[in-house]
Amino acid sequence: MTAPLGGGDGLGRVEIPTPPPARRRGSSWLATVLPALLLGAVLIGVWYLCTYVVLDPRRRFLLPPPHDVVRVGFFDSENLGEMLDGLYWSARVALIGLAISIVLGMTIAILMSQTVVIERATYPFLVMLQAIPILAIVPLISFWFGTGENARLIVCVIISLFPIIVNTLFGLQSADPAMHDLFTLEHASRATRLRKLMLPAGLPAIFAGLRIAAGLSVIGAIVGDFFFGRGKPGIGQLLKRYANQLESEQLLAAVIVACMLGVAVFLFFGWVQARAIGKWYEAGTAR
Amino acid sequence: MVGPALTFDGIGMTFPDGTRAIAEVSFSLDRREFVTIVGPSGCGKSTLLRIAAGLLEPTAGTVEIDREQLGYVFQDPTLLPWRTVRQNVELLAELRGKGRQERARLAQDAIDLVGLTGFEGHYPKSLSGGMRMRCSLARTLALRPPVFLFDEPFGAVDEITREHLNEQTLALFETEGFAALFITHSIAEAVFMSTRVIVMSPRPGRVVAEFAVPFDYPRSPELRFDPDFALLSGDISKALRGGNG
């Protein structure tokens, strides 16, 4: 897209190019959502098919039909109350854990970006942290920290910290070398360079990390709750109990709730990202 | 009267990996002079400019230059994409700790000079390649440095845009009266812009020829089709190829 340059006089004014039209609501919005809605309808159809055609009636409890899941899981006030309480405790752990991960992860990444020695010293251990099977570490954490909220938060942080560090570091290091030259020529201090160049340049990658970590923090909250199995019952404990008691309607409803929590956090950060960098960031173009 | 704006004295540059980029370069740039360096790629032109700006330390020789009074125009626009045109043009004044009002005034002047008036609130992503380059020019211009270093600034834009940018840069050169050291591999660009053209040899770079350009300013776009223009371009081209051995 080349805007016309002023003709002839060299310093001529330029015509204002029409900005791309704002995304039209209505038809194009529907066109965006429709394919997913259709696929969703197909999947529910397959679900019904499995329940009523594939499964023998005596084994139908293995996959109750969607309307039973909704009726028992969400319209039975006792079950719903239990589910909402579980959602509250799990969401609380996920969000606090995520907040800790963000602060801790970004701090570590900033330190790593400032000093190569710190980066070289910490990186292998961060990879190890990431590689630890969470199933192996959960019993250890309950030995050391009990099964309360703190222990859950630790599980949550261990799971969600790594993508934040890696993406933030990648983002901080993504500024163009020529831009660094520009700051060097003006004798910019480390702090100025970090604040005015590296952090803003890193925002797209940082948000990518946040969205990954947000999903993981929900998983972390539920896994911790599931394995500790004590204390305030979150979604993890509900899943375990429903599974043990073969309450498949509630089990599926709890899975849906857990999934919705992850989706909500993911969408929230997508929204924050659009607000923060949508105006200037264009995926796939440098500079 | 003050001395030259910039003096290279016996500059040599060998990189730590043993690459000898510049053999020996000495020349100076007078105030209000427009000197262009042409040379094959890899002849150390950009290296020379980075040495002048203090981004690199030469392994031999000295540079005399007032680095506080220096404007550097990069090969790419290198605009900060999260800043609007105005905020980009304000950047250098901001890094030098100038106050908000002064920044705004300096930026507006520079934006007007390059013809980006009306685009102050645009982000780089909505500008064309030529407009981005002019924004980059305005950023350097904002502090009104008396010496400009141009590192092959218009290499990435199309021919027509490049000629427009050449004419705009020359117009600024005439009105602002800065000294310019300009790097390019386009002979036509060199002849059109400069008071003097310096030809460098392939790596390791050294000055192989120097041409005074006799045309008066202001130069009209038609100058490019003048027979004398073609003759001089031919001579420079010959010198360039001679350097190739």
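The values are calculated or read from the model by the stated rules, or taken from the named source; none is laboratory data. Since the model is a prediction, treat every value here as computed from it, not as a measurement. Note that we place each Cβ from the backbone using ideal geometry, even for glycine, and neighbour counts take in every protein chain shown. Just the protein is used for accessible areas: all its heavy atoms, side chains included, with ligands, DNA and RNA removed. Shrake-Rupley method; radii C 1.70, N 1.55, O 1.52, S 1.80 Å.
Of all residues in region A:188-206, those that are basic (K, R) have Cβ atoms under 7 Å from Cβ atoms of residues that are open to solvent by 30 Å² or more (accessible area, probe 1.4 Å), 6 or more apart or on another chain, in A:R190/A:Q114.
Could you tell me whether any residue of region B:108-119 is part of a helix (DSSP H, G or I) and in contact with a strand residue (DSSP E or B) (Cβ under 7 Å, 6 or more places away or on another chain)? Within region B:108-119, none of the residues are part of a helix (DSSP H, G or I) and in contact with a strand residue (DSSP E or B) (Cβ under 7 Å, 6 or more places away or on another chain). Only one of the listed residues (A:A243, A:A264, A:A208, A:A276) is open to solvent by 20 Å² or more (accessible area, probe 1.4 Å), within 14 Å of another protein chain (Cβ to nearest Cβ), part of a helix (DSSP H, G or I) and among the aliphatic types (A, V, I, L, M). That residue is A:A276.
Residues of region A:146-186 that are more than 24 Å from A:G215 (Cα to Cα) and open to solvent by 40 Å² or more (accessible area, probe 1.4 Å): A:Q173, A:S174, A:P177, A:H180, A:T184. Reported count of residues in region B:176-225, each being surrounded by fewer than 16 Cβ atoms within 10 Å (Cβ to Cβ), without any contact (Cβ under 8 Å) to a residue 24 or more places away in the chain and in contact with a Lys or Arg (Cβ under 9 Å, 6 or more places away or on another chain), is 1. Remark: B:R105 matches the filter, which requires a residue to be open to solvent by 40 Å² or more (accessible area, probe 1.4 Å) and in a helix (DSSP H, G or I).
Per-residue answers, yes or no, for (1) closer than 14 Å to B:V73 by Cα; (2) without any contact (Cβ under 8 Å) to a residue 12 or more places away in the chain; (3) more than 8 Å from chain A (Cβ to nearest Cβ); (4) part of a strand (DSSP E or B):
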{"residue": "B:L137", "(1), (2), (3), (4)": "yes, no, yes, no"}
{"residue": "B:L143", "(1), (2), (3), (4)": "yes, no, yes, no"}
{"residue": "B:L149", "(1), (2), (3), (4)": "yes, no, yes, yes"}
{"residue": "B:F154", "(1), (2), (3), (4)": "yes, no, yes, no"}
{"residue": "B:V157", "(1), (2), (3), (4)": "no, no, yes, no"}
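All told, B:R203 falls short of being part of a loop (DSSP other than H, G, I, E, B), at positive phi and basic (K, R). Just one of (1) surrounded by fewer than 22 Cβ atoms within 10 Å (Cβ to Cβ); (2) within 14 Å of chain A (Cβ to nearest Cβ); (3) in a loop (DSSP other than H, G, I, E, B) fails for B:L172. It is (3).
Residue-by-condition table, conditions (1) of a type in the set (G, A, S); (2) assigned to a helix (DSSP H, G or I); (3) surrounded by fewer than 10 Cβ atoms within 10 Å (Cβ to Cβ); (4) at pLDDT 90 or above:
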position: A:G10; (1), (2), (3), (4): yes, no, no, no
position: A:E15; (1), (2), (3), (4): no, no, no, no
position: A:Y52; (1), (2), (3), (4): no, yes, no, yes
position: A:E78; (1), (2), (3), (4): no, yes, yes, no
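The set of residues from region B:136-182 being in contact with a strand residue (DSSP E or B) (Cβ under 8 Å, 6 or more places away or on another chain), among the aliphatic types (A, V, I, L, M) and under 17 Å from A:L182 (Cβ atoms) comprises B:L137, B:L141, B:L143, B:V147, B:L149. In region B:125-135, which residue that is at the interface with chain A (Cβ under 7 Å from one of its Cβ atoms) and crowded, with 22+ Cβ neighbours inside 10 Å is farthest from B:Q101 (Cα to Cα)? The residue in question is B:G130. Considering only residues in region A:187-202 that are under 28 Å from the mean Cα position of the chain (by Cα) and under 14 Å from A:D176 (Cα atoms), the one that is surrounded by the most Cβ atoms within 10 Å (Cβ to Cβ) turns out to be A:G202. Consider region B:8-41 and keep the residues that are open to solvent by 40 Å² or more (accessible area, probe 1.4 Å) and at positive phi. The one that is farthest from the chain's Cα centre (by Cα) is B:G18.
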